[in-house]
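The values are calculated or read from the model by the stated rules, or taken from the named source; none is laboratory data. Since we're looking at a predicted model, the values are computed, not measured. For neighbour counting, all protein chains shown are included, and Cβ atoms are generated from backbone atoms with ideal geometry for every residue, glycine included.
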Amino acid sequence: MIKKRVPGMTNKELLKARAKNKLYNFILEHGQIRGAMIHGTHMVREMRINHELGILETLLLGHAYLAASLMTANLKEQDRIAFKIECSGPIKGFSVEANAFGEVRGHLKNNPIPIEKPLESFDLAPFFGDGFLVVTHFPEYAKHPYVGHVKLKTGSIAINLAHYFLSSEQTPTAFNLSIKFDPEGHVTGAGGLFLQALPGADDQRVWELEQLVHQLPSIGEAFSGDQSPKDYITLYFHSFSPKLLASRRVEFFCHCRKESVGQIIAKFPVENLEDILKTGPFPIETRCQNCSTVYQFNKEEIESFLKIKLH
């Protein structure tokens, strides 16, 4: 993967921004409810730069990245999780995945998203239409992944994911995803919240927590300033006896490499490689859809792939 640098940041500012990108696990009500909060401002900025996204596209894919990060809160070792939406609206859908190390990648099906008039609000509902949400869990030691899907309920990624957990896993769950833009359209804060009631949780307290989640101040706006996830959790969930647990980094990251892409090209049929050599133009370019990194191959490299096929 080749990351493009976020413009206007010194090396010191870059390191400081990356250090803030973390996922915090916590519990409420003495272990009856588990939660996670992500500070993902720089992750969303890097995602935007690499994928060359506008404001609408950044909002949509950024929410997906934040949600995927939150869904890794209970993963272990080499576990991975992925979710995608396929729909009839202008966005057509997206696909994202994340692992237990906090590495997140993914892409939009339509970039840019076609719109008929300027945005009047950050309501994403008109861009979805009918469709499905598919969640896939890849446990390290399982022979096969676990796949679940639900029909889209709204145009909100957060609500659709909550609906999935309630329908497929019978677990009351809440998501809160938030990205703050300044007047120039730059991302100034991005974060998200995940809450899940465990078996035996008190129904009344779960209901009270649901009401609180709907009234919470914007997480993206909070992270635009100096407020940290620890401060946010302690301040707004104090009546639910919050206890902070572990924290770990999150990052926009893809394991693609030029060598692995070259290995795929080298497996092309002989006639395809010959056609590439004949028609060019060189260098040819191929793009990783999950991180938008462009890899170039010159004529000599393609000739070497063909020689291997012929011998």
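Against the conditions (1) touching a Phe, Trp or Tyr at 6+ places or on another chain (Cβ under 9 Å); (2) of a type outside the set (A, V, I, L, M); (3) not in a helix (DSSP H, G or I), residue 262 satisfies every one except (3). Considering only segment 127-141, I want to know if a residue exists there that is more than 27 Å from residue 99 (Cβ to Cβ), assigned to a helix (DSSP H, G or I), of a type outside the set (S, T, N, Q) and assigned by TED's automatic domain parsing to the domain that holds residue 114. Taking every residue of segment 127-141 in turn, at least one turns out to be more than 27 Å from residue 99 (Cβ to Cβ), assigned to a helix (DSSP H, G or I), of a type outside the set (S, T, N, Q) and assigned by TED's automatic domain parsing to the domain that holds residue 114.
Counting only strands (runs of 3 or more DSSP E) wholly contained in segment 1-105, the ones carrying 1 or more residues that are more than 15 Å from the chain's Cα centre (by Cα) occupy 22-28, 33-39, 80-87. The requirement of being crowded, with 17+ Cβ neighbours inside 10 Å, in the same structural domain as residue 73 (by TED's automatic domain parsing) and more than 22 Å from the chain's Cα centre (by Cα) is satisfied by residue 242. Residues of segment 134-151 that are touching a Phe, Trp or Tyr at 6+ places or on another chain (Cβ under 6 Å), closer than 30 Å to residue 121 by Cα and touching a residue at least 24 places away in the same chain (Cβ under 8 Å): 135 alone.
Remark: residue 234 falls outside the filter, which requires a residue to be touching a strand residue (DSSP E or B) at 6+ places or on another chain (Cβ under 9 Å) and either within 14 Å of residue 22 (Cβ to Cβ) or part of a strand (DSSP E or B) (or both).
Of the residues in segment 33-50, none is touching a Gly at 6+ places or on another chain (Cβ under 9 Å), within 21 Å of residue 173 (Cα to Cα) and without any contact (Cβ under 8 Å) to a residue 40 or more places away in the chain. Does residue 229 satisfy the criteria of being under 22 Å from the mean Cα position of the chain (by Cα) and at pLDDT 95 or above? Yes: the conditions hold for residue 229. Screening the candidates 177, 198, 193 for the property of being assigned by TED's automatic domain parsing to the domain that holds residue 61 and over 18 Å from the mean Cα position of the chain (by Cα) yields one hit, 198.
Conditions (1) modelled with pLDDT of 95 or more; (2) more than 23 Å from residue 220 (Cβ to Cβ), marked per residue:
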residue: 118; (1), (2): no, no
residue: 124; (1), (2): no, no
residue: 132; (1), (2): yes, yes
residue: 135; (1), (2): yes, yes
residue: 143; (1), (2): no, yes
residue: 157; (1), (2): yes, no
residue: 168; (1), (2): no, yes
residue: 172; (1), (2): no, yes
residue: 177; (1), (2): yes, no
